[in-house]
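Okay, so here's the structure we're looking at.
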Amino acid sequence: MSSPDAESPAPRTSNITVRRGEPLVVIENVDKYFGDLHVLRDISTVVNRGEVVVVIGPSGSGKSTLCRAINRLETIDSGRILIDDQPLPEEGKELAHLRADVGMVFQSFNLFAHKTVLENVTLGPTRVRGMSRKAADEKAMKILDRVGVANQAKKMPSQLSGGQQQRVAIARSLAMDPKLILMDEPTSALDPEMINEVLDVMIGLATEGMTMIVVTHEMGFARKAADRVLFMADGAIVEEATPEQFFTNPQSERAQDFLSKIL
Ligand code: ADP
Ligand code: MG
């Protein structure tokens, strides 16, 4: 978590401590089926600490399933996923801690509708991390301030704009001091004028060294923030490249075809 690493601490501008370059997520030969549908095909990749990986690809290519598998919202049928050298826990307290260590931000925000913004952010730290209410409140207010919604803390999610709600969802993940944040099309449900306020927060996190796996078709974000682009099609990683390489010189026909449709 946020405890400084004894070997190579690299404190940055926030509470995020990173050791850039070491493997954090190791995905090896992962296969996943939904019935007869082979949705993840022999997926292997490594995400290092501090790395920002953008996952891109046509609808139905398995991007969400891959994200969900990484924090065990989905099981896998073969292969393995390690976080910090540990296989994903199956249940109980360990699973709750995994979900805290691996933040997830969804397209549809998924805030608790019957809780205030502040409560949305303090719930995990008090329940899973065992923080006192007072400490959790203080921490939450700092994080809400950082994502620019501290003045909304007492409101209910439904009183906020989509962009504000998504920033609260990011704050909720951050409050757990995650090792990694997964974002699955975090700006796809937003009105155009709200996309940038969320992308700005995401770019800030990337700059500070947060490890992130982000499913997005926002090329501006990929170019600015991503270390690597994974292009998926039909459940497989078809291409893996820097954003520069990928957008200017995609190698596979699938990627060329996809880019010609979205650019
Ligand atoms: P993407 O996020 O790239 O659009 P998904 O990972 O959501 O792709 O889906 C990959 C494939 O798996 C799609 O064909 C989708 O219809 C199918 N799928 C996703 N979730 C389920 C499920 N719970 N049950 C059955 N099929 C599913
Ligand atoms: Mg999806």
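Listed values, structure above:
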read-out	value
Selection from 45, 217, 103, by position along the positive dipole direction of the chain (Cβ)	103
Listed peptides 224-230, 176-182 by packing density, highest first (mean Cβ within 10 Å)	176-182, 224-230
Order by protection proxy (mean Cβ within 10 Å, highest first), peptides 109-117, 187-195	109-117, 187-195
Bridge type composition, the chain - antiparallel percent by DSSP, nearest 5	55
3J(HN,Hα) from dihedral phi, the range 212-227, Karplus parametrisation 6.51/-1.76/1.60, rounded to Hz, x for glycine, proline	9, 10, 10, 7, 7, 9, 7, 4, x, 5, 4, 5, 6, 10, 7, 7
C-alpha center-to-center spacing [the range 135-173, the range 57-89] in angstrom	28
Stokes-Einstein diffusion coefficient of the chain, Kirkwood radius over Cα pairs, 20 °C, 1.002 mPa s, in µm²/s	114
Around residue 228: net Lys/Arg minus Asp/Glu count, Cβ-Cβ under 9 Å	-3
Rg ratio (alpha-carbon, reference 2.2 N^0.38 Å) - the range 122-197	1.12
Sequence ranges 250-257, 58-65, ranked by mean other-Cβ count within 10 angstrom, highest first	58-65, 250-257
Too-long pairs where the Cα-Cα distance tops 29 Å, listed order kept, from 93/134; 115/179; 179/261	179/261
For the chain, size of Cβ-based charge dipole, Lys and Arg +1, Asp and Glu -1, in debye	1080
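Every number here is computed from the coordinates shown, using simple stated rules; none is lab data. Since this is a predicted model, take the numbers as computed values, not measurements. Here Cβ is always computed from backbone atoms with ideal geometry, including for glycine, and neighbour counts include all displayed protein chains.
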